[in-house]
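The values are calculated or read from the model by the stated rules, or taken from the named source; none is laboratory data. In this text the structure is predicted, and so the values were computed from the model without any measurement. Glycine also receives a Cβ, built like all others from the backbone with ideal geometry; neighbour counts cover every protein chain displayed.
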Amino acid sequence: MSFNTKFIPLAKPYPHKIKNITFFISSFGNKNTSVCAEDVLFHMLQHKIINKNQ
């Protein structure tokens with residue numbers, strides 16, 4: 001089985017420097033996914049809250 005995914009650039013990459021380290025920030029979209037960025041962030045927040053309450 002082959003997966004033909006095309007990642008679409010959402011914004012032009014840009015550098016972000018923190019002290020001596022330069023990060024290149026980029027973002028890509030994938031039309032073949034069933035989960036959007038908001039869902040991923042919500043899941044991460046839920047997981048963090050659950051772990052904090054245990």
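Computed values, structure above
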quantity: Cross-chain or 6+ apart pairs with Cβ under 6 Å, the range 19-38 first and within 13 Å of Ile8 (Cβ to Cβ), then of a type outside the set (Asp, Glu) and not in a strand (DSSP E or B); calculated: Asn30/Thr5; Asn32/Thr5
quantity: The range 33-54, subset of a type in the set (S, T, N, Q) and surrounded by 10 or more Cβ atoms within 10 Å (Cβ to Cβ), residue modelled with the lowest pLDDT; calculated: Thr33
